[in-house]
Amino acid sequence: MESFNLVRFRLKTTTLKEIDSSIKINNLITGIETYKINKQTKSLKSLIIMNLLFELLDNVIDSEFKTIDFDFKGRLEWKPATQKQKEKHFKRRGKDLTSQRRSYKLNKEFRVKPKSKKEISSLNYHQILISDIEEDGVFYCIIDFRTIRNMGHKNRYKFKILNYNQPINISDVQFELLDKEMIMIR
């Protein structure tokens with residue numbers, strides 16, 4: 001009789017282990033599916049943001065830079081301030097430097113017009129880059145102009161979206177130019 005109870009106990013524990021194992025596998029599968037959905041949602045969200053930024057960039061070009069024929073349009077990402085920059089800023093101004101708006105890296109670049117073989121051999125280009133929109137509705141555009149022999153300049157333009165907290169249509173967005181600064185001369 002005792003052996004019968006022992007066998008039944010072993011069967012119950014084995015069954016419980018199998019159930020526990022299947023629950024873990026289901027949780028793992030659900031976790032993987034959730035991860036895939038989150039990853040797809042993030043990529044979709046970044047694609048929507050990218051499209052909105054380039055529509056905004058087109059609006060900026062149409063209203064502020066009609067006369068300039070750009071070779072490239074792109075999205076920039078500000079590099080974080082280094083410790084040396086933070087210390088220097090604190091020494092000069094007595095305030096902490098939270099972000100810098102001079103050094104950046106190219107996040108995404110799209111060619112606006114195709115280049116011919118002759119244009120590829122020359123180093124002339126005119127590009128415009130847009131930053132992400134900050135919490136207060138401020139965004140930046142950088143125009144980089146370079147000619148043969150590596151001469152040119154970079155200008156940074158600071159824009160503010162008017163009525164940023166209200167829902168707006170991107171085609172009807174209104175913005176104003178707050179600042180223009182030359183950040184580099186080649």
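Bear in mind that the values in this text are calculations on the coordinates, not laboratory data. No experiment lies behind these values; they were computed from the predicted model shown. Using ideal geometry, Cβ is built from the backbone for each residue, glycine included, and neighbour counts are taken over all protein chains shown.
Do any of Lys86/Lys180; Lys66/Lys95; Lys84/Lys160; Lys88/Lys108; Lys66/Lys180; Lys73/Lys95 go past 27 Å between their Cα atoms, and which? All intermediate terms of the calculation are to be shown ahead of the outcome.
Numbers: Lys86/Lys180 23 Å; Lys66/Lys95 39 Å; Lys84/Lys160 30 Å; Lys88/Lys108 31 Å; Lys66/Lys180 17 Å; Lys73/Lys95 35 Å.
Check vs 27 Å cut-off fails for Lys66/Lys95; Lys84/Lys160; Lys88/Lys108; Lys73/Lys95.
Model label sites at Glu135 and Gln174, defined 7 Å from Cα along the beta-carbon direction, differ in position by 2.6 nm.
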